[in-house]
Amino acid sequence: MSTEVRVPTLGESVTEATVATWFKKPGDAVAVDEMLCELETDKVTVEVPSPVAGTLGEIVASEGDTVGVSALLATIAEGAASATAPAAAASPVAETPAETGGSVDVMVPTLGESVTEATVASWFKAVGDTVAQDEMLCELETDKVSVEVPAPAAGVLTEIIAAEGATVEAAAKLAVISSSGGASVAVPNSNDSNNSDVVIFQDGKDVENAPSANKLMAEAGLTAGSVAGTGRDGRVMKEDVQKAIAAGTAAVTTSGASTPAPAAAAPRAPVAAGDASREERVKMTRLRQTIARRLKESQNTAAMLTTYNEVDMTEVMALRNEYKDLFLKKHGVKLGFMSFFTKACIHALKEVPEVNAEIDGTDVVYKNYVHMGIAAGTPTGLVVPVIRDADAMSFAGIEKAIAEKGARARDGKLSMEEMQGGSFTISNGGVYGSLMSSPILNPPQSGILGMHKIQDRPMAINGQVVIRPMMYLALSYDHRIVDGKGAVTFLVRVKEALEDPRRLLMDL
């Protein structure tokens, strides 16, 4: 008996989709609700689960095919799947380790909604190493976040199934830990060749450094105390170690022995001839691939245009300097410029609602709320965490949300949900010294504001030349929905609100 797998309902006004990826091939055993393929529409990505347990028969719609609603995708032969389907796939909880005799399987943890695969970025342990329960074994990269995989049990790592660089699906097996004879081991053996991978704490603080940072420090022969951590609570991140190595400021020491750093950590010697030998080819991370794809899609889809203005920051800076100490004392968070810009944008979006709208097919969807995206640069790439209902927040609420989201972004701890659903975005290139730029839209949004460096410049005011702290502002917008008049009006309202912050209180 066979069961048909058909295209599910794709959503209102969506009539077709493209088959993006098949996770199974004909002859593979599948479990009930195990993901078979992924469909892409012009709005969302849809995962198609298996309706029954069995064996995948014929694939009717191949990758790249365009299919309509209820179209036939494949067939499944029912019957033998209960005995042949992978135990991990049939398990309702992906994180639960599968125990076989004296061994425990290390599985890919839940990666987040709509995320079906990841790339193995780094292994912190090698085959034969002793591991403690909850000790970090490896790091996975998805197109949004990095995921650290802890050991489900204490023992000895006996097999690594997915090597570095391998692409693994959700609930796939990564490695095997032998729990026999090693379960009583709480920390790696001091005689173990990789004992430098033991959890390192920063300067006596009860803060665990990033496992990738520990591995890199061990390879370079560095101690945790010689690297300044920029993560939350002083946590040492991978990029902190890379900066220390590049700057040559970190002390090359090890705990207990003065072992020289491996040759791989030293700068490469100049090559006499051949450009190829002086180049390094590195596979793009999944996050970087997604950034590249989405930015290019934005350019290809939207009729993007940028308008510019400049704002005198005198009043905002004076107000901030006057109240920053009281603000910190009362609210426990510093008063920055981002809350002023967020409030000014919210004020302007009320007057020019098309900048806060999006195009859906032949419809324009106007948002009666502001989910503000705040672009943040991280060591792995640009991410845009979203502050939901920012229009209902106070200055303190906005500053707290920005600080919390920013810290989670730097640590790679943002969830998929925290980076979706934004209606407008602010990007602050000024923190890197940018004087002027044209930000790219974050689809399907219709507007993004670019902030830049504050620079003292001579300005003509009331017939006199005075020095004022000035900032260039850039608004990139989708000309399909936002006219030039609306874009300029929006930017002028932001300028007016910042040059006279009292207008925000008076709703003017």
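Just so it is clear, none of the values below were taken in a lab; they were calculated from the coordinates. These numbers were taken from a predicted model, which means no experiment stands behind them. Positions of Cβ are generated from backbone atoms using ideal geometry, with glycine treated the same way; all protein chains shown enter the neighbour counts.
Quick notes
- Using a Förster distance of 22 Å, the FRET efficiency for Ser62-Arg288 (Cβ separation, nearest 0.05): 0.20
- Full-stretch length increase - Thr306, Leu326 - with 0.36 nm per residue and alpha-carbon distance subtracted: 3.4 nm
- Where labels lie 7 Å past Cα in the beta-carbon direction, separation of His479 and Ile461 in nm: 3.5 nm
- Cross-link pairs beyond the 31 Å C-alpha cut-off, checked among Lys25/Lys413; Lys125/Lys334; Lys173/Lys367; Lys283/Lys334; Lys367/Lys485; Lys334/Lys485: Lys25/Lys413; Lys125/Lys334; Lys173/Lys367; Lys283/Lys334; Lys334/Lys485
- Label-to-label distance for Ser2 and Met416 is 3.1 nm, based on points extended 7 Å past Cα in the beta-carbon direction.
- The residues packed around Lys330, meaning those with a beta-carbon under 13 Å from its beta-carbon, carry a net charge of +2 if Lys and Arg are +1 and Asp and Glu are -1.
- P(r) tail for the range 288-506: Cα pairs beyond 28 Å make up 27% of the total.
- Among the listed pairs Lys343/Lys400; Lys330/Lys350; Lys330/Lys495; Lys24/Lys296; Lys350/Lys453; Lys343/Lys495, those beyond 21 Å (Cα-Cα): Lys330/Lys350; Lys330/Lys495; Lys24/Lys296; Lys350/Lys453
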